[in-house]
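Below: one structure, written as structure tokens.
The values are calculated or read from the model by the stated rules, or taken from the named source; none is laboratory data. None of these values were measured; they are calculated from a predicted model. Positions of Cβ are generated from backbone atoms using ideal geometry, with glycine treated the same way; all protein chains shown enter the neighbour counts. The protein model used for the area step is the full one, side chains on, heavy atoms only, and it has no ligands, DNA or RNA in it. Shrake-Rupley method; radii C 1.70, N 1.55, O 1.52, S 1.80 Å.
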Amino acid sequence: MKLSTKLIHAGIEPDPSTGAIMTPIYQTSTYVQSAPGVHKGYEYARSQNPTRAALESALAHIENGKHGLCFSSGVAATDAVLRLLVPGDEVIAANDMYGGTYRLFTKIFQKAGIRFHFVNMQDAEAIRPYINAQTKLIWAETPTNPLMNIVDIAALASISRPNHILLCVDNTFASPYLQNPLDLGADIVLHSATKYLGGHSDTIHGCLVMNDDQLREQLYFIQKSCGAVPGPQDCFLVLRGLKTLHVRMDRHCLNGTAIAHFLRNHPKVGKVYWCGFEDHPGYAVATRQMRGYGGMMSFTLKDDSVDAAMKVLSSTHLFALAESLGGVESLINHPASMTHASIPREERLKNGLSDSLIRLSVGIEDVEDLTADLRQAIG
Ligand SMILES: *Cc1c(COP(=O)(O)O)cnc(C)c1O
């Protein structure tokens, strides 16, 4: 089955009790048993819920995986993966990643005795010197947030596999429509479904997809034991979002291409970070492992002052000033004070994230309106 068909049909069966074509929102905490221990596979809704089960199955199909697991947020899904580790274990993580992931690693798990190495993974070989007997997990994000760097997933997997290290890829920015990390050798793929999967900025949700049965059992145990499960209404919203992922992503890619070129040709714009430019350092890898370049990009102004950036950030009308991304509406964001404020300034600057960087999530509005909005804001 092709991906567009899968997005609409995979994992979804008409409701067995009524024939309802859409999976109902099973808003229940428990299920009646006919005798003690005799039930229909559902005991208590932290452990099992039919709306969640439909979504987990759909997500597994869409990421070409065997098992899906849903969580109350992307960060909760990240937290579940880290709970596979024990004190003394080591993680090699990208040095340019989602601020909330960095905060979880350094402020919560470091305290619990996990050791992190933050490495520039644009050259996969750069991780080798950090591998030792304690290395249990490699954490990658591609394209990265907010600098749109590209990490070669297959190259990372060729290092992680023989060393028996788990490779988890945060696929939030690409979405399964543009990239499937499991096919490239990753062990776990993570999504903040809050973003492209949900697609309508109306829910917080996270998920993991994997192939290995034992890994699924370990992560399911963590899901039900720690309890960061999503409610059925949120699962329903993500299920609904999935059905239009392909048409939305096609438009995000088209609009993204147009806006990236508009910015690059604008006399007041400095550097534009977008992985669809042929001179982007990750272009060749992106072209190999992705099916499109998406609608996420960042840029600086030639006047590289925070004041000039602030003026643009507060002058757009269609691009709403907000954190988050991947919704149908366009958003503009200032990573240094918003999404990436939890990363210390020295770390940010070291990794190339300047105080004047502006990030865009290009939505699916008419591209002429979007261009006009940016033109008047940049002035
Ligand atoms: C938003 C985001 C997360 C965290 O997801 P939440 O749903 O906000 O908890 C993780 N990774 C990336 C790349 C994100 O953009």
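A compact table of results
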read-out: Cβ-placed point charges (K, R +1; D, E -1), dipole of segment 301-379 about Cα centre in debye, nearest 20; value: 320 debye
read-out: DSSP bridge pairs, segment 3-242: antiparallel proportion in percent, nearest 5; value: 40 percent
read-out: Rounded to the nearest 20 debye, dipole of the chain from Cβ charges on Lys, Arg, Asp, Glu; value: 360 debye
read-out: Net charge of neighbours whose Cβ lies under 10 Å from the Cβ of Thr144, counting Lys and Arg as +1 and Asp and Glu as -1; value: -3
read-out: 1.4 Å probe accessible area per residue over segment 107-154, in Å²; value: 42 Å²
read-out: Local net charge near Glu365, Cβ-Cβ under 11 Å (Lys/Arg +1, Asp/Glu -1); value: -4
read-out: Net charge, His200 excluded, C-beta distance under 15 Å - Lys, Arg +1, Asp, Glu -1; value: +1
read-out: Pairs beyond 29 Å (Cα-Cα), from Lys111/Lys350; Lys271/Lys350; Lys2/Lys224; value: Lys2/Lys224
read-out: Under-5 Å amide H pairs with Gln48, H placed in peptide plane, nonlocal only; value: Glu43
read-out: For segment 83-100, Karplus couplings with θ = phi - 60° (6.51, -1.76, 1.60), whole Hz, Gly/Pro x; value: 6, 6, 8, 10, x, x, 5, 10, 10, 9, 10, 5, 8, 9, 8, 3, x, x
read-out: Taking the chain and dividing mean pair separation by its residue count, relative contact order in percent (alpha carbons under 8 Å, at least six apart); value: 17 percent
read-out: Of His117, Ile204, Asn64, farthest towards positive along the dipole that unit charges on Lys, Arg, Asp, Glu beta carbons give segment 3-242; value: Ile204
read-out: Segment 274-379 shape via C-alpha gyration tensor axes, a/c threshold 1.5; value: oblate
read-out: Of all accessible heavy-atom area on the chain, the percent that carbon and sulfur account for (1.4 Å); value: 54 percent
read-out: Gained length - Arg264 relative to Arg240, 0.36 nm times residue gap less alpha-carbon distance; value: 5.1 nm
read-out: Dipole of segment 1-107, positive direction: furthest Cα of Leu84, Ser17, Gly99, with charges on the beta-carbon; value: Ser17
read-out: Spatial separation of Cα centroids for segment 163-222 and segment 265-296, in angstrom; value: 23 Å
